[in-house]
Amino acid sequence: MTPERIALISDVHGNLTALEAVLADIEARGITRIFNLGDYIGKGPRGREVAEICRDRCEVNLLGNWEDFLLAPQPDFGRESVGLMWWRLQAWEQADWLRTLPFSHDFLISGRRVRLFHASEETVHRRVRFDHDEQEFLGLFRNTEATGLDVPEPDMVGYADTHDPYYETDRDRRTVFNTGSVGNCMSDPTPVYVILEGVLDSDQEAPFGIQWVRVPYDVDAEIEYAAGVGMPELTEYTYELRTGFYRGNLKNDEQPTYHRRR
């Protein structure tokens, strides 16, 4: 049984410059299978282009929270409508495909049943941080209406959404990992993706590996493009790409720390 590798990417958020750098690294490693965990659009200036490339290059594409709310038939953006409407219109050519993407994807690798989704086992809109509690950890492995009820529960869960990569396992070998973000990574803002290695579609235990890869890219070129097309919230976008700090901290004039307040 020959091991294979799969690249897992997520949360590109319209940052085409970062996506191209990551795809070049994946190709240089000879990896041909790519799974995408969602959030192709919003925040960055080229959601349409990102969606087009991922539709063509990724074997699996999953629904993210930005696709679900930004491309809803009758969205309610409230007071934040200017930026959101700009991103909605920019990605609208891909709307029918993006908003109907599957919620999750299950597969076997080296005897481990893996489940991928964007944010949580129930919805793309509920966030599970790295400093979650035991109940949240165990909940990620549950079958729900969103993941399907009449399927085996996973041994391993991979998700995205928080833009903050991590790995966790318990004494029953249940494993959770977060892919981080290609286009809008928090803390270290360098784009990051995951490589899974093992014997695909096999229920027999075999060597298995998981790796995170950071890929430098031309952040100045990305910011210059966003400025050139007049993208809204450019100051906030620049802040996140350069510092890895969430834009909400900029508005609150706070110096963020890695751990959240309890």
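The values are calculated or read from the model by the stated rules, or taken from the named source; none is laboratory data. In this text, all values refer to a predicted model and were calculated from it rather than measured experimentally. Cβ sites come from the backbone with ideal geometry, for glycine too, and all protein chains shown count toward neighbours. Remember, those area values only see protein heavy atoms, side chains included, never the ligands or the DNA or RNA. Shrake-Rupley method; radii C 1.70, N 1.55, O 1.52, S 1.80 Å.
Just one of the numbered conditions (1) out of contact with any Asp or Glu (no Cβ under 9 Å at 6 or more places or on another chain); (2) in contact (Cβ under 8 Å) with a residue 60 or more places away in the chain; (3) surrounded by fewer than 16 Cβ atoms within 10 Å (Cβ to Cβ); (4) under 29 Å from residue 116 (Cβ atoms) is not true of residue 229: (4). Close Cβ contacts (under 8 Å, 6 or more residues apart or on different chains) running from residues in region 21-46 that are within 19 Å of residue 60 (Cβ to Cβ) and without any contact (Cβ under 8 Å) to a residue 40 or more places away in the chain to residues that are assigned to a loop (DSSP other than H, G, I, E, B) and open to solvent by 50 Å² or more (accessible area, probe 1.4 Å) comprise 33/59; 34/59. For residues that are in a helix (DSSP H, G or I), basic (Lys, Arg) and over 21 Å from residue 223 (Cβ atoms), scanning just region 7-60, find the one that is least open to solvent (accessible area, probe 1.4 Å). Among residues in region 7-60 that are in a helix (DSSP H, G or I), basic (Lys, Arg) and over 21 Å from residue 223 (Cβ atoms), the one least open to solvent (accessible area, probe 1.4 Å) is 57.
The number of residues in region 99-114 that are assigned to a loop (DSSP other than H, G, I, E, B) and open to solvent by 30 Å² or more (accessible area, probe 1.4 Å) comes to 4.
For residues in region 130-148 being modelled with pLDDT under 95 and open to solvent by 50 Å² or more (accessible area, probe 1.4 Å), which is nearest to residue 178 (Cα to Cα)?
130
In region 64-88, the residues that are in contact (Cβ under 8 Å) with a residue 60 or more places away in the chain reach residues that are in a loop (DSSP other than H, G, I, E, B) and open to solvent by 50 Å² or more (accessible area, probe 1.4 Å) with C-beta atoms within less than 7 angstrom, at least six apart or across chains, in these pairs: 65/125; 83/233. Looking only at region 72-98, filter to residues that are assigned to a loop (DSSP other than H, G, I, E, B) and either at pLDDT 95 or above or polar (S, T, N, Q) (or both); which one of those is farthest from residue 35 (Cα to Cα)? Step by step, filter region 72-98, then rank; the result is 74. So how many residues does region 203-262 have that are among the charged types (D, E, K, R), at pLDDT below 90, within 22 Å of the chain's Cα centre (by Cα) and not in a loop (DSSP other than H, G, I, E, B)? Count: 1. Criterion applied to 181, 187 was being modelled with pLDDT under 95, open to solvent by less than 60 Å² (accessible area, probe 1.4 Å) and among the hydroxyl-bearing types (Ser, Thr, Tyr), and the one residue passing it is 187.
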